[in-house]
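This report concerns only the one structure given below.
The values are calculated or read from the model by the stated rules, or taken from the named source; none is laboratory data. Remember, it's a predicted structure, so these values are computed and weren't measured experimentally. Cβ atoms come from the backbone with ideal geometry, glycine included; neighbour counts cover every protein chain shown.
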Amino acid sequence: MRLRYSLTSPFARKVRTAAGHLGLPLELELADTLSDTDTLLVQNPLGKLPVLLDEGQKPLFDSPVILAYLDHKAGGGRIVPVDPEAKFASMRLEALADGIMDAALLVFYESRFRPEERRHPDWVARQRAKIDRTLTALEAEPPASGAEPTTGTIALACALGYVDLRLGDDWQADRPKLVAWLADFTARTPAYRDTAPPPA
Ligand SMILES: N[C@@H](CCC(=O)N[C@@H](CS)C(=O)NCC(=O)O)C(=O)O
């Protein structure tokens, strides 16, 4: 399997962490989302990464679909819980974590791609508020430490890592439970450690 990815993409990190945890080898191929000629545009008309390429399959995206596919390839029931209650809890957590990443990405893109005079501070503040509220909700109900990784906890770890990378670690100050949870997840999940982005 080949993954179109970038080194800093939190969504691609989800896939790399999941594949590593499941023992599924991935060939990595960088993609340039700013290029008009990158084959990424053919593989995913949305022009977004990650995209997973596997023989006999259409290109797969987005990251929740790819994680479900990897779980299937690994025999099922590994990172997608079989028990319906646990499965929907994991999917819900993944949706929240992906939402944090979407908002953090938008904040980052605003500073990276928009000239200063066309930026919208109120809009950026709204994105940051989404992240803040979601982290506070998760601090009130953090995932259990010591559990086997699921699509939800893999996504959450990648979201927290991305917030650290792009927005700094201020979020940690009043969220000791999430900080402790991430430390435990990091210690127990080599594939997450091995996919840390280069420093900003
Ligand atoms: N929902 C998608 C989000 C993917 C996404 O936003 N990827 C970013 C990189 S981290 C991207 O490709 N951005 C380029 C663009 O939106 O044009 C997923 O879960 O894979």
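Residue check: is residue 65 in the same structural domain as residue 31 (by TED's automatic domain parsing), in a helix (DSSP H, G or I) and either over 13 Å from residue 18 (Cα atoms) or away from the ligand (no atom under 14 Å from the Cβ) (or both)? No. Considering only region 91-105, I want to know if a residue exists there that is within 9 Å of the ligand (Cβ to nearest atom), among the acidic types (Asp, Glu) and either loosely packed, with under 14 Cβ neighbours inside 10 Å or free of Cβ contacts under 8 Å to residues at least 24 places away in the same chain (or both). So far as region 91-105 goes, yes, one or more of its residues are within 9 Å of the ligand (Cβ to nearest atom), among the acidic types (Asp, Glu) and either loosely packed, with under 14 Cβ neighbours inside 10 Å or free of Cβ contacts under 8 Å to residues at least 24 places away in the same chain (or both). For region 33-42, the criterion of being in contact with a Phe, Trp or Tyr (Cβ under 7 Å, 6 or more places away or on another chain), within 13 Å of the ligand (Cβ to nearest atom) and closer than 23 Å to residue 112 by Cα is met by none of the residues.
Note on region 25-62: residues that are in a loop (DSSP other than H, G, I, E, B), surrounded by 14 or more Cβ atoms within 10 Å (Cβ to Cβ) and among the hydrophobic types (A, V, I, L, M, F, W, C) total 4. Would you call residue 149 assigned to a loop (DSSP other than H, G, I, E, B), crowded, with 19+ Cβ neighbours inside 10 Å and not charged (D, E, K, R)? Yes; evaluated as a whole, the condition is true for this residue. Of all the criteria given as (1) assigned to a loop (DSSP other than H, G, I, E, B); (2) in contact (Cβ under 8 Å) with a residue 40 or more places away in the chain; (3) of a type outside the set (Asp, Glu), the one not satisfied by residue 131 is (1). Yes or no: residue 82 away from the ligand (no atom under 16 Å from the Cβ), without any contact (Cβ under 8 Å) to a residue 60 or more places away in the chain, at negative phi and not charged (D, E, K, R)? For residue 82, the condition - away from the ligand (no atom under 16 Å from the Cβ), without any contact (Cβ under 8 Å) to a residue 60 or more places away in the chain, at negative phi and not charged (D, E, K, R) - is met. When region 110-145 is filtered for residues that are within 16 Å of the ligand (Cβ to nearest atom), surrounded by fewer than 11 Cβ atoms within 10 Å (Cβ to Cβ) and either aromatic (Phe, Trp, Tyr) or modelled with pLDDT of 95 or more (or both), only 113 remains.
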